1. Need a quick list: strands (runs of 3 or more DSSP E) entirely within segment 400-506 having at least 2 residues that are surrounded by fewer than 21 Cβ atoms within 10 Å (Cβ to Cβ).
2. Can we say THR435 is among the hydroxyl-bearing types (Ser, Thr, Tyr) and in contact with a Phe, Trp or Tyr (Cβ under 8 Å, 6 or more places away or on another chain)?
3. Kindly provide the set of residues from segment 265-293 that are surrounded by 19 or more Cβ atoms within 10 Å (Cβ to Cβ) and over 27 Å from the mean Cα position of the chain (by Cα), ordered by number.
4. Modelled with pLDDT under 95, out of contact with any Lys or Arg (no Cβ under 6 Å at 6 or more places or on another chain) and assigned to a helix (DSSP H, G or I): which single residue out of GLU170, GLU187, GLU203, GLU174 fits that description?
5. Among the residues of segment 295-334, which ones are at pLDDT 85 or above, open to solvent by 30 Å² or more (accessible area, probe 1.4 Å) and either closer than 14 Å to PHE267 by Cβ or not aliphatic (A, V, I, L, M) (or both)?
6. Pairs needed: first member in segment 317-330, in contact (Cβ under 8 Å) with a residue 12 or more places away in the chain and more than 19 Å from THR466 (Cβ to Cβ); second member anywhere, open to solvent by 30 Å² or more (accessible area, probe 1.4 Å) and assigned to a loop (DSSP other than H, G, I, E, B); C-beta distance under 8 Å; at least 6 residues apart or different chains.
7. Filter segment 54-72 for residues that are at positive phi and open to solvent by less than 20 Å² (accessible area, probe 1.4 Å) and give the result.
Amino acid sequence: MPESRRGEWERLVLEASAEHSRGCLGAAVAAYRQLIALRPDVPEVYFHHGNALYQQSRWDEAAQAYRQAVGLRPAYAAAWANLGAALAAAEDWAEAAAACRRALDAGISPAEARDTLGLALAHVSRDLTEAGRWGEAEAAAREAVAWRPDDADGYYCLGGALLRAGRLDEAEAELRRAVALAPDRPEIHVTLAMLLLLADRYEDGWPEYEWHLPDKDCDASAMLPPRWHGEDLGGRALVIRGEQGIGDELVYFSVIDELAARGIRCFASCEPRLLPLLRRSVPNAVLFERGGAFPPGADGIEVGARLPAAALLQLKAPSARRIDPIRPYLRVDSEIAARLRHAYSEAGRPVVGLSWWSANPDRRRASFAALKDWLPILRVPGLRFVSLQYGDHREEIAALRRETGLDVLVDDGIDATGDLDGFAAQVAAMDMVVTIDNSTALFAACLGRPALALVDSVPDFRMGRTGDRSPWYPGLRVFRQERPGDWAPVVAGAAEALCQWKDNPP
């Protein structure tokens, strides 16, 4: 550095250090940038610049500064460790874990890398589990546990990976360790619930299942009397709070219909998009929008108890030996269904609706059987295929048409996400539905439409673990994976069943 600049350099070093120590982070960042402009080859300046940015929660900029530091000095252990922390804060978990490993290789104390590396590995495990890479997920989670043996995250992720791999006993042991370390974490209890219910241990699973509910109701039922346990309400009303996703609420409301038919006065909140369909289908209950107030005229109603909608499932199945299956109850707009049926009919060919993708992260691994993998189904001759798939999949269907000459009709007049009443009418217009385990399967079940359901090796508990029928949805014929991720035999089995159905209609 020229002598003329040395004084400026020393002044800026003192200024940056002073501003940083006083917590004047904006001024410190400005001084560090001036230092970098004077000497872009000093790794310590990038390191301290990164620290100031990190303290301002500017994670991406901090990570870039740390990368510049280690670029100049590859063995800069503290910079690697801080890079890992910045990447973890930005939820770039795989890169955070890699940076922490570089910090260890460069000589950082294991104690200094432990928390960040353990946390990052737990999240890496979770991402790998969602991607269906269960072996890698298990390995990452076991390493997370080794780094942070007193933290619930590693055990939770290890339990999730083992559950998705079908190793239920091992998964339960890890999830119970997680519960012991973090007894108030709802997501751990809910995952344990799914395992117990899938294992047909309903009596143990139902109490865990209810942990997904918030501590307080988020709608007009917040100030209502205590929870209902099946006692006689003496003519007073039961308020039921809807929650969870569209498919789940369809199942819950089948029970509300039965309660209303038994003379129990039900007030129930639900997802707003379901209101038109459910008001037609459950006319004996008073329905209102989730998060909203009671409908007009209901102010004088005497309420006896309240119940979260998910708890209705226990009424249908107090144990795995006493499951009262879901009965079709949805009533669609018959004029819309008839119009769609006429529009889809072509030369007398049976109309088959298809759904192959799920937006639910927990079910998304089922979408690995993409539309292009459904060729054995699509090649069954003499059928008219219609998309029942929510989301924009026109490009995928166009690619199928270009590459194979096969076609799936997309009805742009139906909004399968926004207009659920119209979508239900579309499902009702089908002769057969072929679907993965998503909300389309539940629409078919609750409408009483025949359906073939392609499910993965560790399905939702309501699909059951064995057999070709669901204990909850007997109208669905189930085709199961034998090995995780292996969809070819499942698709082939469904294609064969579709052929038989076409040649021998009921």
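The values are calculated or read from the model by the stated rules, or taken from the named source; none is laboratory data. These numbers were taken from a predicted model, which means no experiment stands behind them. Because the Cβ atoms are built from the backbone with ideal geometry, glycine has one as well, and the counts that use them run over all protein chains shown. Heavy atoms of the whole protein, side chains included, go into the accessibility calculation; ligands, DNA and RNA do not. Shrake-Rupley method; radii C 1.70, N 1.55, O 1.52, S 1.80 Å.
1. 476-480
2. yes
3. ARG265, CYS266, PHE267, SER281, VAL282, ALA285, VAL286
4. Details: GLU170 fails: modelled with pLDDT under 95; GLU203 fails: modelled with pLDDT under 95; GLU174 fails: modelled with pLDDT under 95.
Among GLU170, GLU187, GLU203, GLU174, only GLU187 is modelled with pLDDT under 95, out of contact with any Lys or Arg (no Cβ under 6 Å at 6 or more places or on another chain) and assigned to a helix (DSSP H, G or I).
5. ARG306, GLN314, PRO318, ARG321, ARG322, ASP324, PRO325, ARG327, PRO328, ARG331, ASP333, SER334 - these are the residues of segment 295-334 that are at pLDDT 85 or above, open to solvent by 30 Å² or more (accessible area, probe 1.4 Å) and either closer than 14 Å to PHE267 by Cβ or not aliphatic (A, V, I, L, M) (or both).
6. Here the result reads PRO328/GLY448; PRO328/GLY475, each pair linking segment 317-330 to a residue that is open to solvent by 30 Å² or more (accessible area, probe 1.4 Å) and assigned to a loop (DSSP other than H, G, I, E, B).
7. Those that are at positive phi and open to solvent by less than 20 Å² (accessible area, probe 1.4 Å): none in segment 54-72.
Residue-wise test of (1) in contact (Cβ under 8 Å) with a residue 24 or more places away in the chain; (2) of a type in the set (D, E, K, R); (3) open to solvent by 60 Å² or more (accessible area, probe 1.4 Å).
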{"position": "ALA16", "(1), (2), (3)": "yes, no, no"}
{"position": "SER21", "(1), (2), (3)": "no, no, yes"}
{"position": "ALA31", "(1), (2), (3)": "no, no, no"}
{"position": "VAL42", "(1), (2), (3)": "yes, no, no"}
{"position": "HIS48", "(1), (2), (3)": "yes, no, yes"}
{"position": "ALA52", "(1), (2), (3)": "yes, no, no"}
{"position": "ALA77", "(1), (2), (3)": "yes, no, no"}
